[in-house]
Amino acid sequence: MRLSLPAAVLAGCTVALLLQPAATAGPADPDGARRLGSAGGGSVTSLPLGPGPALAPRTTRPFELLGVGWDGPADALAGGAVRVRTRDAATGRWGDWHDLEADTEDGPDLAPHGATAPLWTGRSDGVAVEVRPGPAGPPPGLRLDLVDPGQGAPAPSARVLPRHPADGHQAPRPAIVTRAGWGADESLRDQTFEYTGPVHEVFIHHTATATDYACSDAPRVIRSIYQYHVQSSGWRDIGYNFLVDRCGTVYEGRAGGVDLPVHGAHTLGFNTDSAGVAAIGTYVGDAPPQPLLDGLAAIAGWKLGLTGHPADGRTKLTSASDASRYPKGTVVDFDAVSGHRDAFNTECPGTALYARLPALRAAAAHLQAP
């Protein structure tokens, strides 16, 4: 989970930016909306935010994930606050207000523009949003992005990469659901690949989305995150190298080859020579289920074993960004399997999951045993 923008600012600030209201709540496409489609029926609807006298709940196209973006730098809303509420498409009931979190620690080391962390809402068809800027004022191009994951791009018959026996100290490769398996629309991402040096570090994250999802819905969550990272945030692909659901299923993340050192966008300042693995859910107070922990250990042990690196060992990485927990150029000695919070001032991967990392390292190292 990322750090929330201060709630105190929300109560004390006198400037508000509100979703532009339509004349009535009926039209699903408000004036100024921009809609980007994808194969499999997914889409991102971008609604401009602007000044207004009152909060404006409104009807929208159906969506399942949202976030707020802007054209300025990632820290342009520092000292500000963002909150939203949504309407359940099945029941018509409006939910509680939720603070969106400043997404400054995930992503490429040189992000194209700023955005909040995405919020998984489930199937919704109405939204209200309030943005209170910080001391620098509202950033340009402020917008609300609503993501509908659709049914996914058509997949070939093979959807899981097979298990392979380990050689020497390398852990067995776990079954991995391919990008085709979770319905990735490959036309959305950058068609070239970026690679880093050998992977000697695995950073464990959580997606800070709903925890009580059905595992059959995990591909929808992943497609939504993918569309938000690419179409809303302007990244070349989904940021994580792998994702694991609460049932322990491992999913291929960023394209380029699961056994290759694909350069991800997951841990600001430390995306080089590392892989990012995200647990789908929020594990601050909720205990991570054992199948999830088993899946995380399996992919971490296998990925580190490709370079002969022990999962219970140590790794030195050099910070590439002053915005990380360590100034640019600082050499940091990490556990080979670390939490996101070890590299950035964040709650991620949640207190409950972070507490299980010592056992997770031991389990991953056990899988690497000859």
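Derivation of every value follows stated rules applied to the coordinates shown; laboratory data play no part. These numbers were taken from a predicted model, which means no experiment stands behind them. For neighbour counting, all protein chains shown are included, and Cβ atoms are generated from backbone atoms with ideal geometry for every residue, glycine included.
For the range 254-270, in order, what is each residue's ³J(HN,Hα) by Karplus, 6.51 cos²θ - 1.76 cosθ + 1.60 with θ = phi - 60°, in whole Hz (x at glycine and Pro)?
Each residue's phi maps through the Karplus curve to give 4, 6, x, x, 5, 9, 10, x, 5, 6, x, 9, 10, 9, 3, x, 9 Hz.
Collect residues whose amide H, placed 1.01 Å from N in the peptide plane, falls under 5 Å from the amide H of Ala175; neighbours closer than 5 in sequence don't count.
none
So between Asp333 and Ala362, what do we pick up on full extension, going 0.36 nm a residue minus the alpha carbon distance? Write down the numbers at each step before the final one.
Values: separation 29, 0.36 × 29 = 10.44 nm, distance 1.84 nm.
Full extension from Asp333 to Ala362 adds 8.6 nm.
At 7 Å along Cα-to-Cβ for each site, give me the label-to-label distance between Ala352 and Ala214 in nm.
Calculated label separation equals 2.2 nm.
Under the Karplus relation 6.51 cos²θ - 1.76 cosθ + 1.60, θ = phi - 60°, what is the ordered set of whole-Hz ³J(HN,Hα) values for the range 196-212, x standing for Gly and Pro?
Per residue, the Karplus-derived 3J(HN,Hα) values read 10, x, x, 7, 10, 9, 10, 9, 8, 10, 10, 7, 6, 10, 4, 9, 8 Hz.
Quote to one decimal, in nm, the extra length available between Trp97 and Val284 on full extension: 0.36 nm per residue of separation minus the C-alpha distance between them. Before the final figure, lay out the partial values.
Values: separation 187, 0.36 × 187 = 67.32 nm, distance 1.91 nm.
Working it through step by step, the gained length comes to 65.4 nm.
Can you work out the PRE-style zone for Asp322? Point 7 Å along Cα to Cβ, and I want the residues of the range 328-370 with backbone N under 20 Å.
The answer is 328-332, 343-346.
Order of 133-143, 215-225 by packing, highest average Cβ count within 10 Å first?
Values: 133-143: 16.9, 215-225: 21.5.
Listed from highest to lowest mean packing, they are 215-225, 133-143.
Compute, for the range 208-261, the length of the dipole vector about the Cα centre, with Cβ point charges of +1 (Lys, Arg) and -1 (Asp, Glu) only. Units Debye, rounded to 20. Present the calculation step by step, with values, prior to reporting the outcome.
Working: 5 positive and 6 negative charges, 31 e Å.
So the dipole magnitude of the range 208-261 works out to roughly 140 debye.
What distance in nm separates the simple spin-label points at Thr59 and Gln151, each placed 7 Å from Cα in the Cβ direction?
Label at Thr59, label at Gln151, 2.5 nm between them.
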